[in-house]
1. Can you name every residue in the stretch 98-119 that is open to solvent by 40 Å² or more (accessible area, probe 1.4 Å) and of a type in the set (G, A, S)?
2. Any idea which of (1) in contact with a Leu (Cβ under 9 Å, 6 or more places away or on another chain); (2) not in a loop (DSSP other than H, G, I, E, B) is the one P78 doesn't satisfy?
3. Considering every residue within the stretch 51-68, establish whether at least one is at pLDDT 80 or above, open to solvent by less than 80 Å² (accessible area, probe 1.4 Å), out of contact with any helix residue (DSSP H, G or I) (no Cβ under 6 Å at 6 or more places or on another chain) and under 18 Å from G5 (Cβ atoms).
4. Which count do you get for residues in the stretch 16-33 that are closer than 30 Å to L124 by Cβ and either of a type in the set (D, E, K, R) or surrounded by 15 or more Cβ atoms within 10 Å (Cβ to Cβ) (or both)?
5. Tell me the residue from P122, P141 that is surrounded by fewer than 17 Cβ atoms within 10 Å (Cβ to Cβ), closer than 20 Å to I24 by Cβ, at pLDDT 95 or above and out of contact with any Pro (no Cβ under 9 Å at 6 or more places or on another chain), please.
6. Just one of the numbered conditions (1) part of a loop (DSSP other than H, G, I, E, B); (2) among the hydroxyl-bearing types (S, T, Y); (3) touching a residue at least 12 places away in the same chain (Cβ under 8 Å); (4) under 17 Å from I92 (Cα atoms) is not true of S43; which one?
7. Condition first: in contact with a Lys or Arg (Cβ under 8 Å, 6 or more places away or on another chain) and either farther than 23 Å from Q111 by Cα or open to solvent by 70 Å² or more (accessible area, probe 1.4 Å) (or both). Can you find one or more residues in the stretch 34-41 that meet it?
8. Looking at (1) open to solvent by less than 50 Å² (accessible area, probe 1.4 Å); (2) at pLDDT 80 or above; (3) out of contact with any strand residue (DSSP E or B) (no Cβ under 8 Å at 6 or more places or on another chain); (4) within 27 Å of L150 (Cα to Cα), which is the only condition Y95 fails?
Amino acid sequence: TSDHGEMLGEQGMWFKRTFFEPSIRVPLIVSGTDQVKADNEISRGVSLVDIMPTLLELGEVEDRREIEPALDGESLCPMLLGADERKNPGVISEYYSEGVTQPMRLAIHKQMKLVHVHDQPPMLFDLTHDPHERVNCANDPIYAPLLADLQAMVDKDWDGAEMRKRVMESQRRRRWILEAQKKHGKAPNWDQ
């Protein structure tokens with residue numbers, strides 16, 4: 001697997017800091033165990049947070065039941081054996097790094113994707129009919145029920161205003177530390 005995708009010119013972008021498909025999609029290949037159905041390809045969305053519970057189950061970790069309730073993800077083992085459904089049918093992702101000014105949260109369910117940037121208009125994409133994410137369907141009344149469902153996923157246990165406050169405070173503290181280090185020696189390279 002990988003930790004993120006990369007925009008390689010799509011949408012005119014050359015970085016990973018976006019929720020467009022090339023930036024968020026990563027390969028996940030599982031092999032070498034009898035808990036995987038041969039030639040099983042899963043097209044349903046899953047998340048990197050599902051990897052730990054999956055590995056705990058594949059590794060037959062005895063006390064994993066004590067750990068699993070604290071994890072955000074769920075084991076993919078049933079899907080690896082051919083099951084089509086998941087306990088949590090959608091995928092959530094968040095983005096706060098690289099000096100963002102607004103927190104971002106993403107919800108994907110089936111082939112619909114909502115990109116929510118705090119204090120900005122929503123972006124809703126129908127990946128079946130618009131795989132390159134060129135048409136924002138958020139204002140189309142046909143998509144209103146789907147938009148409401150995805151917005152409920154985004155809003156569950158998340159407060160964009162509170163997250164913005166936390167992000168801005170974190171950035172302020174780190175700038176203060178950087179300035180103090182510049183005055184009293186060599187400033188660290190945060191990219192290492």
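The values are calculated or read from the model by the stated rules, or taken from the named source; none is laboratory data. What you are looking at is a predicted structure, and each value in this text was computed from that prediction instead of being measured. Cβ: placed from backbone, ideal geometry, glycine included. Neighbour counts: every protein chain shown. Note: accessible area is taken over every heavy atom of the protein model, side chains too, but ligands, DNA and RNA are not part of it. Shrake-Rupley method; radii C 1.70, N 1.55, O 1.52, S 1.80 Å.
1. The initial filter retains those residues of the stretch 98-119 that are open to solvent by 40 Å² or more (accessible area, probe 1.4 Å), namely 98-99, 101, 109-111, 119.
Correct list: G99 only.
2. (1)
3. Within the stretch 51-68, one or more residues are at pLDDT 80 or above, open to solvent by less than 80 Å² (accessible area, probe 1.4 Å), out of contact with any helix residue (DSSP H, G or I) (no Cβ under 6 Å at 6 or more places or on another chain) and under 18 Å from G5 (Cβ atoms).
4. Residues in the stretch 16-33 being closer than 30 Å to L124 by Cβ and either of a type in the set (D, E, K, R) or surrounded by 15 or more Cβ atoms within 10 Å (Cβ to Cβ) (or both): 11 in total.
5. Details: P141 fails: closer than 20 Å to I24 by Cβ.
On inspection, the qualifying residue turns out to be P122.
6. All conditions pass for S43, except number (3).
7. No, there is no match, as no residue in the stretch 34-41 is in contact with a Lys or Arg (Cβ under 8 Å, 6 or more places away or on another chain) and either farther than 23 Å from Q111 by Cα or open to solvent by 70 Å² or more (accessible area, probe 1.4 Å) (or both).
8. Answer for Y95: the failing condition is (3).
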